[in-house]
Amino acid sequence: MAVIRNIVILTGAGISAESGLKTFRAEDGLWEDHPVEEVATPEGFARDPALVQRFYDERRANIVAAEPNAAHQAIGRLDAQFGGELLIVTQNIDDLHERGGARRVHHMHGEGLSVWCRACDVRHRWTGTLGDGPACPACGEAAMRPDIVWFGEMPYDLDRIFAAVAQADLFVSIGTSGAVYPAAGLVAEANRGGARTLELNLERSAGSHLFDETRLGPASELVPQWVEEVLRA
Ligand code: NAD
Ligand code: APR
């Protein structure tokens with residue numbers, strides 16, 4: 001195998017499924033009991049802010065109660081031991097990568113434990129609720145929203161993400177259905193840049209045909225195996 005100096009990992013809800021956090025498009029997925037347009041769009045927030053605040057209050061409580069699983073911990077070991085370039089781009093809003101030991105993490109859809117004040121633009125770490133309209137610690141206004149990139153909003157630092165993918169030797173996608181752009185477009189960018197592309201997922205995804213290799217199974221088994229392969233190489 002060619003020397004791997006630069007890895008980009010993309011993760012989705014599937015890597016946190018075994019930590020008890022619901023994915024979005026499974027039968028019991030989040031979008032089953034909450035139409036996306038009601039709870040994950042700026043229009044939904046404008047229409048019924050209390051509903052959206054309650055939805056993310058529930059997400060926040062579930063994140064706090066969850067624990068990183070073997071997949072998060074394996075990526076934490078990779079981050080600590082891999083001497084090359086590494087970027088972990090996650091679509092997830094939980095902090096399980098960080099609690100699993102990873103440091104080089106970028107949340108392209110925002111963070112569930114961060115809130116953003118629309119009055120003063122300051123972000124705060126937040127593990128409580130917003131539904132009861134707490135005052136912003138910085139400006140005192142009751143104007144805080146979840147620090148989430150909703151449908152129709154633009155993810156953070158897209159150019160940084162695409163630049164990293166274009167230079168990667170290895171692009172690994174873990175636990176994502178490949179249903180949402182621009183995340184779903186990263187594998188094509190990796191292929192254009194000449195990277196080897198590997199998918200680790202419970203089932204085939206919308207993008208499986210774009211990967212050099214797809215391994216099917218639970219992340220808690222596939223990810224530790226793959227990390228050991230990389231660290232032994
Ligand atoms: P999209 O149209 O690419 O979404 C594709 C899939 O997401 C659809 O197949 C559907 O499953 C779901 N989806 C998107 N919008 C929906 C809607 N209004 N109603 C029902 N299902 C919907 O997503 P997009 O709107 O083009 O995304 C644009 C931006 O929003 C992107 O930059 C993306 O990163 C961001 N985003 C954020 C979140 C989040 O919850 N944090 C979710 C998805 C997208
Ligand atoms: N191990 C590995 N993969 C798993 C596991 C598991 N234990 N459980 C589920 N999966 C896979 C599913 O097969 C599916 O392909 O994870 C994927 C989850 O897909 P989605 O529910 O669509 O979640 P995701 O791909 O992260 O959604 C992308 O859409 O609605 C937005 O904001 C939301 O960021 C999310 C984005």
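Bear in mind these aren't lab numbers, they're just calculated from the coordinates by the rules spelled out. Since the structure is predicted, the reported quantities are computational estimates derived from the model, not experimental observations. Glycine also receives a Cβ, built like all others from the backbone with ideal geometry; neighbour counts cover every protein chain displayed.
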* To do: May I ask you to order 72-78, 158-164 by the average number of other C-beta atoms within 10 Å around their residues, highest value first?
  => 72-78, 158-164
* Using alpha-carbon coordinates, inclination of helix 219-232 to the longest axis of the chain, degrees -> 50
* Rg(Cα) of the chain divided by 2.2 N^0.38 Å? -> 1.02
* Structure fact -> Contact order relative to length for segment 193-233, counting C-alpha pairs under 8 Å separated by 6 or more residues, stands in percent at 35
* Asked: Is segment 61-128 rounded, prolate or oblate when judged by the Cα gyration tensor, a ≥ b ≥ c being the square roots of its eigenvalues, rounded requiring a/c under 1.5 and prolate requiring a/b larger than b/c?
  -> oblate
* **Sequence ranges 208-220, 8-20, ranked by mean other-Cβ count within 10 angstrom, highest first** => 8-20, 208-220
* Asked: Over its Cα atoms, what ratio of radius of gyration to 2.2 N^0.38 Å does segment 3-87 give?
  -> 1.41
* **Rounded tilt (10° steps) of 49-65 against the dominant C-alpha axis of the chain** => 50
* Calculated [θ] (222 nm, deg cm²/dmol) that DSSP helices of n ≥ 4 give over the chain, each run adding -39,500 (n - 2.57) -> -9000 deg cm²/dmol
* Where the centre of each part is set by its Cα atoms, how far does segment 121-138 sit from segment 152-228, in angstrom? -> 33
* **Mean separation of Cα contacts under 8 Å, 6 or more apart, over the residue count of the chain: relative contact order %** => 23
